[in-house]
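For reference, the structure is listed below as structure tokens.
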Amino acid sequence: MKGDCAQHAVPENSAALYSTMALHLPTLLYACIAVLAMSAGVMTLFGATQRSYRGFWWWAAAQWLLTLGLLLQTQRDQYPSVLPLSNLLLLQWPIVVLGGMRRFYSRGGPQLHAMTDWMLLALAYLLWLATWASHGDVAARVAAFAAGALMLDIYGATMLTRIADFKTSSALKALAATELLAACVQAVRLVRAGFANDPAIGGSNDVLLAGGLVVVVSALVMVYLALLLNYERTERNLRAMHRKLRFLADMDVLTRVPNRRHFHELAAQALATSQPGTSTVMMFDIDHFKRINDLLGHANGDEALRQVAHCVRDALREQDVAGRLGGDEFAVLLPETSVNDAMAAASRIVSRLGDRQIAPRSAPVSLSFGVVLMKADETIAEALNRADQALYEAKRQGRSRAVVAIGAEDKPVFGESRQLGLTGF
């Protein structure tokens, strides 16, 4: 007898121990509600105090609605009439999150119309509602709910993969994976509810526990991903703003060539990689530019500057450096280029300008150039001063020409002078 008692004592103690360790589902449900409420609160606080983008409040709303749905679940035994609203709030999550994604990625979002989202949500909900209204058993209702949730999770994950940024966004990939995981759990619930002999198996503790935990995990992942997506968008905008500010700081907005400061920076970099004494500097301006402004107006004067800059960009090599020094004055550094080749470059600029005259009869645009070969120990600023002297000599000789200056700055000697073919007014 003692042996029999001893043999039966172990199973009884094991059952008691298992019963003690079993999770109390109402307690777990309230814990999930508290966690979801905190996550939704974090999103709401972030959206209210930090910069957020279109779609962010949809994600916050999805969290709050999910929290409310779980809260109503705690009252379903006492108030059965809240169950339809509770299950609708539990089903909405993938669709409302997707609605936020459509707005967040308004230019590269899924191509399928947003109305399809809500139609599928209505279909999933009506499937469960019809089963519930017909007083089906617990297993049938669980199967109907699981089937609808499975469809919505797979649909949401599929739509995420159709967003243009999906391949490069780790957040979108993680969210799609989370929804697929939720779909797998719902598939298990569907199979167990559909094929179990016990009608109540669909509502067994382990299945309910798995379903509840996957909902909470999905919601918590969404909080992290929403903040990550917001951060990624902010970082991208900051990079774009930095590029824009850098462009404004370095480039002449009107002509789209480097401004004086940036020209000197680029010229110094180019000279650092060139053999000393082998580079040529040209300075040029538009002949009688004030008359063009007075005759045609400043808008056409600006257009003349743009056309000149366009011709300069077209005529130069990739390693050449051009810039606008101010007003109608431009400068060009031609690394490892002879004076003759520089004169040919000036001719190419003028030739292209001949095809882009803004008013060839009333105000033809012509250019005058000063050209110097840099000395081995000369800075770009010193070379520009000598080129400026050659430019004034070109003006003195009648404009629309290029003049070469040799010798020191204080004792300039002007060499070759070449007519460039255009005649100003």
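The values are calculated or read from the model by the stated rules, or taken from the named source; none is laboratory data. Keep in mind that what you see is a predicted model, and the values were worked out from it rather than measured. Reconstructed Cβ throughout: ideal geometry from the backbone, glycine too, with neighbour counts over all protein chains shown.
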task = Might you let me know whether the stretch 105-116 holds any residue that is assigned to a helix (DSSP H, G or I), more than 24 Å from Ala226 (Cβ to Cβ) and polar (S, T, N, Q)?
result = no
Out of Arg189, Arg141, sole residue that is modelled with pLDDT under 90, in contact with a Ser or Thr (Cβ under 6 Å, 6 or more places away or on another chain) and either surrounded by 15 or more Cβ atoms within 10 Å (Cβ to Cβ) or part of a helix (DSSP H, G or I) (or both) = Arg141
task = Sort through Gly354, Gly326 and tell me the only one that's under 28 Å from Gly407 (Cα atoms) and in contact (Cβ under 8 Å) with a residue 60 or more places away in the chain.
result = Gly326
inquiry  = Go through the stretch 80-119 and report how many residues are surrounded by fewer than 19 Cβ atoms within 10 Å (Cβ to Cβ) and aliphatic (A, V, I, L, M).
reply    = 8
ask   = Would the stretch 70-84 turn up any residue that is within 36 Å of the chain's Cα centre (by Cα) and at pLDDT 90 or above?
value = no
task = Identify all residues within the stretch 260-284 that are assigned to a loop (DSSP other than H, G, I, E, B) and either in contact with a strand residue (DSSP E or B) (Cβ under 6 Å, 6 or more places away or on another chain) or of a type in the set (Ser, Thr, Tyr) (or both); write none if there are none.
result = Thr273, Ser274, Thr278, Ser279
inquiry  = Scan the stretch 405-416 and tell me whether some residue there is at pLDDT below 90, part of a loop (DSSP other than H, G, I, E, B), among the hydrophobic types (A, V, I, L, M, F, W, C) and touching a strand residue (DSSP E or B) at 6+ places or on another chain (Cβ under 6 Å).
reply    = no
key: Single unsatisfied condition, Glu303 versus (1) more than 30 Å from Phe414 (Cα to Cα); (2) at pLDDT 95 or above   = (2)
inquiry  = Checking the condition under 30 Å from the mean Cα position of the chain (by Cα) and outside the structural domain of Glu378 (by TED's automatic domain parsing), which residue from Leu266, Leu238 passes?
reply    = Leu238
